[in-house]
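My questions all concern the structure below.
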Amino acid sequence: MSSENARVKVVVRARPPQAGEESTISVNDDQPGLITIRAPATDGSEVTEREFLFDEVLSTNMSQVDVFEKTCKSQVDHVLDGFNACLFAYGQTGSGKTYTIFGEEGDSNQGIAPRAMEYLFASMKRRAAQKKFTVFVSFLEIYLDRLRDLGVYAGTDGADGRVEFKGSGSKPSSRPGTAGSRKSGGAADAGEPENLEIRENPNGTVHVQDLSAIPVSNTAEVMAVIKAGLTRRQTYHTLMNEQSSRSHTIVTVTVVAEGKGGDSESVTGKLNLVDLAGCERRKRSGAGDDASGIEDSNMRAKEAVVINKSLSTLGNVVMALAKGDATYVPYRDAKLTRLLQDSLGGNSYTQLLATVHPRPADAEESLNTLQFANRCRNVTTQPHINFLDADSEAQGKIIQKLMKEIAALKQEMGAQKTHYEDKLQRVKLSDLTSTIETGASGVTLDIGVDTGGEGGVGEAKSVSRGGSWGSKRGATGDKSRSATAATAGTSDANASALAEAQSLRCASFLKRDPYI
């Protein structure tokens, strides 16, 4: 079952300016979706003002709960209905992406992720009478273009460093050779990240081999996985951001909804929450400059190169998809775009959350972010419900339901076809009548008049509009030959209609002619 194509929804959030700091961003609450930025020209000679129109522009003083309501709440609803959904945060370093997605301690500072989980489990509870739900969570990091599983660590919880949950059926799997069985203190802790492999499924979608999928039963268990992973995420100090994320992260929440009723369908949906590393200029961040005072500046420079390359590839993918008719989309040029292939141009309801910094020093980066977001508005996806593999009986019910939908659509199409065919026939008849009336003045009509009884001799009268009335005798065969000549080159239907119209018109003439 497919839905109509869905356009990528774009939401922009501007970070509040510091006290006494000038802002280059203007948001008009009376014009929803409109944002204005004042940015200097590339040579710094003048300041230009640019306006952009997006689906939502969040004011700088908007609360975290309102941000969730306007961005991710509808995405969670899609997942519960069996669709895939994705929300990814994009913007320069220090613009508030991580704060928006994950938040900080305290109810008012909670980010999208914890609020989405609270809403998810509350919605599942309301639907418990119709569906049986199972939830899994995965946490993946892309650092230096290498894939690392963050979903298996829990700080001090558990003797081996993995997440420990209480209750049956909620403990992470630890199969030999999988991410769930690896212990902390290995290669990842030594500075070399793990490198999981991306694999393609038979249906064209992709997955990360050996990425742990941890079963969870409440919000606290999901947040335990996320918090444990965030403590292992690669973050370092730079001149632009005290806690700069040096990696991309993807939190994937998979919901399986099994129907309880006889006609209920079992579906599954995925929610991807993507926190992208921020783009940066090495000169401003101090990366690669030993005199900048930041820790291991050469490694920060290497990280910046890889981050900017992956974000550049993301921009190229968006540009190709925005054209609508691109023959090649460079998904495989970076692992980030390869993993987000379905979310960017496939089976997903996708939202972009673009974050910008209002200070004048970041005006150029903010303008680049808004231009990227503007291109994303032209990208469309094709979301559809994901049915679980079912047994033959369940598959038969699904097929029966789809056949009923097809029959209903065929009936609707047949009714529409009949309606438009009748309408077209009336239009053609009207045009034909107009043509006959227009050309009647130049047509000579041979009309056979029966003056006798059975076997009587046929009589014909020649009538010419624009001339004097006259009469002549003629055989019935003459009338047939004249009618054939008058309708030569037309279809049988048009000839019949023309003959009928001529007969009606000549009958009118016969009534008017005093000599007949």
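The values are calculated or read from the model by the stated rules, or taken from the named source; none is laboratory data. Since the model is a prediction, treat every value here as computed from it, not as a measurement. Backbone-built Cβ (ideal geometry, glycine too); neighbour counts: all protein chains shown.
Do any strands (runs of 3 or more DSSP E) lying entirely in segment 36-107 carry at least 3 residues that are in contact with a helix residue (DSSP H, G or I) (Cβ under 9 Å, 6 or more places away or on another chain), and which ones are they? Walk me through it before giving the result.
Numbers: elements: 47-53, 56-58, 85-91.
Fully inside segment 36-107 and qualifying: 47-53, 85-91.
Condition (residue is closer than 29 Å to V27 by Cα, part of a helix (DSSP H, G or I) and at pLDDT 95 or above) applied to segment 305-312: is it met by at least one residue? Reasoning before the result, please.
Within segment 305-312, the first condition is being closer than 29 Å to V27 by Cα, and the residues that meet it are 308, 311-312.
With the extra rule that they be part of a helix (DSSP H, G or I), the set shrinks to 308, 311-312.
Right, trim to at pLDDT 95 or above and you get 311-312.
Yes, that holds for at least one residue.
Which residue is farthest from the chain's Cα centre (by Cα), if the candidates are limited to segment 18-32 and must be under 20 Å from T48 (Cα atoms) and modelled with pLDDT of 85 or more?
From segment 18-32, those under 20 Å from T48 (Cα atoms) are 21-28; that's our starting set.
Still in the running and modelled with pLDDT of 85 or more: 22-27.
Values: E22: 36, S23: 33, T24: 31, I25: 28, S26: 28, V27: 26 Å.
Only one residue fits best here, namely E22.
Kindly indicate whether R13 is among the charged types (D, E, K, R), over 25 Å from the mean Cα position of the chain (by Cα) and not in a loop (DSSP other than H, G, I, E, B).
No; evaluated as a whole, the condition is false for this residue.
Please count how many residues of segment 364-378 are out of contact with any Phe, Trp or Tyr (no Cβ under 7 Å at 6 or more places or on another chain) and buried (at least 22 other Cβ atoms within 10 Å of the Cβ).
Selection size over segment 364-378: 3.
Which of the helices (runs of 4 or more DSSP H) contained wholly in segment 313-402 include at least 2 residues that are touching a Ser or Thr at 6+ places or on another chain (Cβ under 9 Å) and within 30 Å of E265 (Cα to Cα)?
The helices (runs of 4 or more DSSP H) meeting that bar are 341-345.
Here's something else I'd like to know. Filter segment 277-305 down to the residues that are farther than 30 Å from F68 by Cα and aliphatic (A, V, I, L, M), then identify the one that is nearest to the chain's Cα centre (by Cα).
V305
Collect the residues in segment 217-226 that are more than 30 Å from the chain's Cα centre (by Cα) and touching a residue at least 24 places away in the same chain (Cβ under 8 Å), keeping them in residue-number order.
Listed by number, the residues that qualify are E221, A224.
Sticking with this structure for a sec: Which of (1) closer than 21 Å to P383 by Cβ; (2) in contact (Cβ under 8 Å) with a residue 24 or more places away in the chain; (3) part of a helix (DSSP H, G or I) does E265 not meet, given it meets every other one?
Only one criterion is unmet by E265, namely (3).
While we're on this one: Could you list, in sequence order, all residues of segment 272-315 that are in contact with a Gly (Cβ under 8 Å, 6 or more places away or on another chain), of a type in the set (D, E, K, R) and buried (at least 20 other Cβ atoms within 10 Å of the Cβ)?
Once the filter is applied, which keeps residues that are in contact with a Gly (Cβ under 8 Å, 6 or more places away or on another chain), of a type in the set (D, E, K, R) and buried (at least 20 other Cβ atoms within 10 Å of the Cβ), segment 272-315 yields only R300.
Answer yes or no as to whether V274 is under 31 Å from the mean Cα position of the chain (by Cα) and without any contact (Cβ under 8 Å) to a residue 40 or more places away in the chain.
So V274 does not fit the description; no.
Another question, if that's okay. Please state which of the following conditions V76 fails to meet, knowing it meets all the rest: (1) modelled with pLDDT under 95; (2) within 24 Å of H248 (Cα to Cα).
Unmet condition: (1).
Let me ask something else about it. Of all residues in segment 235-268, which are buried (at least 17 other Cβ atoms within 10 Å of the Cβ), in contact with a Gly (Cβ under 9 Å, 6 or more places away or on another chain) and over 17 Å from L120 (Cβ atoms)?
If the condition is that a residue be buried (at least 17 other Cβ atoms within 10 Å of the Cβ), in contact with a Gly (Cβ under 9 Å, 6 or more places away or on another chain) and over 17 Å from L120 (Cβ atoms), then T238, L239, M240, N241, S244, S245, T249, E265, S266 are the ones that fit.
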